[in-house]
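Let me begin by presenting the structure, written as structure tokens, before commenting on it.
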Amino acid sequence: MEICVHLRDILEEELREGNEVVSKYIDEWTNESYSVRLRRPLNKHNRDDYLAMSPTISYWENKESRYMPGKGYYCKQCKHSISGPFYYDY
Ligand SMILES: [Zn+2]
């Protein structure tokens, strides 16, 4: 499965900067939400342009440890998300 067109530029830029995909996850219950997890924290620098261009994308942070903590972007139109950990932890 490919990340949606709204998040593709962000993912490609992360990979160009040396980030790596560690997992891809499709929600088995709804079969419609799709998440890509990256090894390093996403670089928010200069991403406000993407948010301004694509009203379907929002930035989120999750610090609750009972869910997978991290920060990333979510596309509410396609229910796709791209995320990484909060901190560079190794
Ligand atoms: Zn989308």
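Just so you know, all these numbers are worked out from the coordinates, no wet-lab data involved. Since the model is a prediction, treat every value here as computed from it, not as a measurement. Using ideal geometry, Cβ is built from the backbone for each residue, glycine included, and neighbour counts are taken over all protein chains shown.
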Exercise. Take I82 and decide whether it is touching a Gly at 6+ places or on another chain (Cβ under 8 Å), of a type in the set (V, I, T) and surrounded by 17 or more Cβ atoms within 10 Å (Cβ to Cβ).
Key: yes
Exercise. Identify the residue in region 76-90 that is touching a residue at least 60 places away in the same chain (Cβ under 8 Å) and more than 9 Å from the chain's Cα centre (by Cα) and, among all such residues, is farthest from the ligand (Cβ to nearest atom).
Key: Q77
Quiz item: Only one residue in R16, R39, R8 is among the basic types (K, R) and within 15 Å of Q77 (Cβ to Cβ). Which one?
Solution: R8
Practice problem: Could you tell me whether N43 is out of contact with any helix residue (DSSP H, G or I) (no Cβ under 8 Å at 6 or more places or on another chain), of a type in the set (S, T, N, Q) and in a loop (DSSP other than H, G, I, E, B)? | Solution: no
Self-check item: Out of E64, E32, E17, E28, sole residue that is out of contact with any Ser or Thr (no Cβ under 8 Å at 6 or more places or on another chain), within 12 Å of the ligand (Cβ to nearest atom) and either closer than 17 Å to I3 by Cα or not aliphatic (A, V, I, L, M) (or both)
Solution: E32
